[in-house]
1. Inside the range 5-44, can you point out the residues that are open to solvent by 40 Å² or more (accessible area, probe 1.4 Å), in contact (Cβ under 8 Å) with a residue 12 or more places away in the chain and assigned to a helix (DSSP H, G or I)?
2. Taking I113 and the conditions (1) surrounded by fewer than 20 Cβ atoms within 10 Å (Cβ to Cβ); (2) touching a residue at least 24 places away in the same chain (Cβ under 8 Å); (3) closer than 23 Å to A7 by Cβ, which numbered condition does it fall short on, given that it satisfies the others?
3. Looking at the range 57-74, which of its residues are among the basic types (K, R) and exposed (fewer than 15 other Cβ atoms within 10 Å of the Cβ)?
4. Would you mention how many residues in the range 12-35 are of a type in the set (G, A, S) and under 14 Å from V62 (Cα atoms)?
5. Go through the residues of the range 48-56 one by one and say whether even a single one is loosely packed, with under 15 Cβ neighbours inside 10 Å and basic (K, R).
6. Taking N132, is it at pLDDT 90 or above and either aliphatic (A, V, I, L, M) or surrounded by 13 or more Cβ atoms within 10 Å (Cβ to Cβ) (or both)?
7. Look through S2, S77 and report the one residue that is under 22 Å from K116 (Cβ atoms), surrounded by fewer than 16 Cβ atoms within 10 Å (Cβ to Cβ) and of a type in the set (S, T, N, Q).
8. Mind checking whether some residue in the range 47-66 is under 16 Å from the mean Cα position of the chain (by Cα), in a strand (DSSP E or B) and under 19 Å from S2 (Cβ atoms)?
Amino acid sequence: MSAFTEAEIAYLESQRIGRLATIGPDGQPHVVPVGYRYNPQEDAIEIGGHGGFTKRKKYRDVAANPRVAFVVDDVPSVNPWTVRGVEIRGEAEILTTGGTALGPGFDPEIFRIRPKRIVSWGIDTHMFAAANARSVA
C-alpha cells in the first residue's frame, strides 16, 4: 500500500518540476527547482540532475545530512484562484544509478526520497480545507 493517496500520485505524475530543500553544513536551508519522478515500485520520489549532479550544493548537502523536504505545487487557475500541491518530508538516499531513466541528458546519480510526512492541499480536499497532513512509516 502506498503512503500517497491515488489523487496525490496522479498529481505528482502530472507535474515535472518540484523544489527540493536541503540543509547546508552551516544549518542554512537551500532550495532549488529540480526534475523528478514518482517511482511506484519504491513508493518514492526520485530526483536527478544534468551536467554534474554530484558537484552541486544539493548533492553535498544530502551527502552530509539526508533530511530533506520536497514540494510540488501549481496554480491551475487564477479565476477563481486555485492552488494545489504536495509537500514530502523524509530522508534522501543517494543512488549511483537510475538517473538516466529520468530522461535524456540526466546524470546516472539520483536521490530517492521515501516519505516520512506528507502534506497535500487542493488535491484530495478543497484548497482552503484543512490540509491532508499525515506522518507515514
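The values are calculated or read from the model by the stated rules, or taken from the named source; none is laboratory data. As the structure is a prediction and not an experimental result, all values here were calculated from the model. Every residue, glycine among them, receives a Cβ derived from its backbone with ideal geometry; neighbour counts consider all protein chains shown. Side chains included, ligands, DNA and RNA excluded: accessible areas come from the protein's heavy atoms. Shrake-Rupley method; radii C 1.70, N 1.55, O 1.52, S 1.80 Å.
1. E13
2. That leaves (1) as the condition not met.
3. Within the range 57-74, K57, R67 meet the criteria.
4. Narrowing the range 12-35 to residues of a type in the set (G, A, S): 14, 18, 21, 24, 27, 35.
Of the ones still in play, those that are also under 14 Å from V62 (Cα atoms) are 21, 24, 27.
Residues flagged as of a type in the set (G, A, S) and under 14 Å from V62 (Cα atoms) within the range 12-35 amount to 3.
5. yes
6. Details: at pLDDT 90 or above: no; either aliphatic (A, V, I, L, M) or surrounded by 13 or more Cβ atoms within 10 Å (Cβ to Cβ) (or both): yes.
In short, no.
7. Numbers: S77 fails: under 22 Å from K116 (Cβ atoms).
So the residue among S2, S77 that is under 22 Å from K116 (Cβ atoms), surrounded by fewer than 16 Cβ atoms within 10 Å (Cβ to Cβ) and of a type in the set (S, T, N, Q) is S2.
8. yes
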